[in-house]
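Colleague: Before I ask anything, let me first share the structure, which is written out below as structure tokens.
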Amino acid sequence: MILDIRQRIRSTEQAIVLRRDLEAPHTRPKAAIEIDVRPLTEADVPKILHAGEAASADDVLYRSRRRWLLESGLGTCYAAVTASDEPCYVQWLMSEQDNAQIQSYFGGAFPILEPGTALLEGAFTPAPFRGKGIMGLAMSLIAEKAADLDSRYVITVVGTNNIPSLKGCEKANFFPYLNREVAWSMLRRKVTFEPVAAA
Ligand SMILES: CC(C)(COP(=O)(O)OP(=O)(O)OC[C@H]1O[C@@H](n2cnc3c(N)ncnc32)[C@H](O)[C@@H]1OP(=O)(O)O)[C@@H](O)C(=O)NCCC(=O)NCCS
């Protein structure tokens, strides 16, 4: 909490908005286990969004934030499930129809979605399933659901130091599109988006 207040007095945080063009050629990556993707169900919630008693503080926070997002009703939460239907990954798909709620829920931290653009948010793989390539494949499959929302493009936002997530995004065919800076000064937040420099 103290750190949070310090951050809000003066800090800057860099992230990258990555984008996938669903019409661009893409071969889905392989995962070490067989997975399928479907909307999250009530029965999945305690299995993937509630932390066990021995959970780390980070794990509790990751799962709590995602429970709150689920409770907000924003977008559709998809789960990747194993062959025995155990949830091993979650991520939310949102469309331009959700723009008003996205802006109010995340306080302007995401760009306003243009027509034909969807957003993926909240990627999470529980620790026992990490490093098996689940994010790359699951994100690739969930992004393709955006075509049902009449979207050709899908964006997502990742902190520049979240290497596992950046690698998973690249495997799912997401590439840098905008840079985002969140700057706090005396409890006021300013979010800016700039196009990434041409390669
Ligand atoms: C980010 C996250 C979803 C990745 O899930 P995952 O299913 O383990 O992803 P993958 O197995 O596809 O691994 C992605 C890459 O990161 C690597 N990786 C995994 N854990 C890592 C770690 N702790 N440090 C460095 N690299 C790591 C993997 O080896 C893989 O790289 P490789 O292809 O070169 O081997 C997962 O780590 C997570 O839930 N983190 C906490 C929440 C979070 O940060 N969400 C993303 C918000 S944008």
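Colleague: Quick one: net charge around Ala83, please, counting Lys, Arg +1 and Asp, Glu -1 for every other residue with C-beta under 10 Å from its C-beta.
Modeller: Net charge around Ala83: -4.
Colleague: Further, regarding this structure: Just to be sure I understand the curve: with the Debye formula and one point per C-alpha of the stretch 1-98, what is log10 I(q)/I(0) at q = 0.14, 0.21, 0.22 Å⁻¹?
Modeller: -0.79, -1.24, -1.27
Colleague: Quick check: pseudo-label points 7 Å beyond the Cα along Cα→Cβ at His26 and Asn161, how many nm apart are they?
Modeller: Roughly 2.9 nm, to one decimal.
Colleague: Computed FRET efficiency, Cβ-Cβ of Asp85 and Gln14, R0 30 Å: what is it to the nearest 0.05?
Modeller: Given R0 = 30 Å and the Cβ-Cβ separation, E is 0.20.
Colleague: Return the subset of Lys47/Lys167; Lys30/Lys132; Lys132/Lys167 for which the Cα-Cα distance in this structure is over 20 Å, preserving the input order.
Modeller: Lys47/Lys167
Colleague: Let me check something: with ligands and nucleic acids excluded, how do Arg38, Arg6, Arg28 order by accessible area (1.4 Å probe), largest to smallest?
Modeller: Arg6, Arg28, Arg38
Colleague: Note down the nm distance, to one decimal, between modelled labels 7 Å out along Cα→Cβ at Ala198 and at Asp4.
Modeller: Going from the Ala198 label point to the Asp4 one covers 4.4 nm.
Colleague: Excluding Phe175 itself, what net charge comes from residues whose Cβ is under 13 Å from its Cβ, given Lys and Arg +1 and Asp and Glu -1?
Modeller: Summing Lys and Arg as +1 and Asp and Glu as -1 gives +2.
Colleague: Another question, then. Take every Cα-Cα distance within the stretch 110-152, group them into 10 Å bins from 0 onward, and report for each bin the whole-number percent of pairs it holds.
Modeller: 25, 44, 25, 6
Colleague: Any chance you could list P(r) for the chain, counting all Cα-Cα pairs in 5 angstrom bins from zero, rounded to whole %?
Modeller: Percent of Cα pairs in each bin: 1, 7, 15, 19, 21, 18, 11, 6, 2, 0, 0.
Colleague: A further question follows. Calculate the FRET efficiency for Asp59 and Asp150 from the Cβ-Cβ distance with a Förster distance of 45 Å, rounded to the nearest 0.05.
Modeller: 0.80
Colleague: In nm, to one decimal, how far is the modelled label at Glu71 from the one at Thr41, with both set 7 Å along Cα→Cβ?
Modeller: 2.4
Colleague: Pop out the Kirkwood hydrodynamic radius of the stretch 91-196 from its pairwise C-alpha distances, inverse of mean 1/r, in Å to one decimal.
Modeller: One over the average 1/r among Cα pairs gives 14.8 Å for the stretch 91-196.
Colleague: Can you check what the net charge comes to around Ile134, using other residues whose Cβ is under 11 Å from the Cβ of Ile134 (Lys, Arg +1; Asp, Glu -1)?
Modeller: Within the 11 Å Cβ shell, the charges total +3.
Colleague: Pick from Asn99, Asn173, Asn162: which is most flexible by mean-square fluctuation in a GNM of the chain where alpha carbon atoms under 10 Å apart are linked?
Modeller: Asn162
Colleague: Please list, in order, the residues from the stretch 11-30 whose amide nitrogen is less than 16 Å from a point placed 7 Å along the Cα→Cβ vector of Ser185.
Modeller: 11-13
Colleague: Now, a different point. Quick check: with the 1.4 Å probe, what order do Ile9, Ile16 take by accessible area, largest first?
Modeller: Ile9, Ile16
Colleague: Expressed as a whole percentage, what fraction of the accessible surface of the chain belongs to carbon and sulfur atoms when a 1.4 Å probe is rolled over the protein heavy atoms?
Modeller: Ligands and nucleic acids excluded, carbon and sulfur reach 52 percent.
The values are calculated or read from the model by the stated rules, or taken from the named source; none is laboratory data. Here the structure is a predicted model, which is why all the values come from computation and not from measurement. All Cβ positions, glycine included, derive from the backbone under ideal geometry; neighbour counts span all protein chains shown. Protein only, heavy atoms only, side chains kept; ligands, DNA and RNA dropped before computing areas. Shrake-Rupley method; radii C 1.70, N 1.55, O 1.52, S 1.80 Å.
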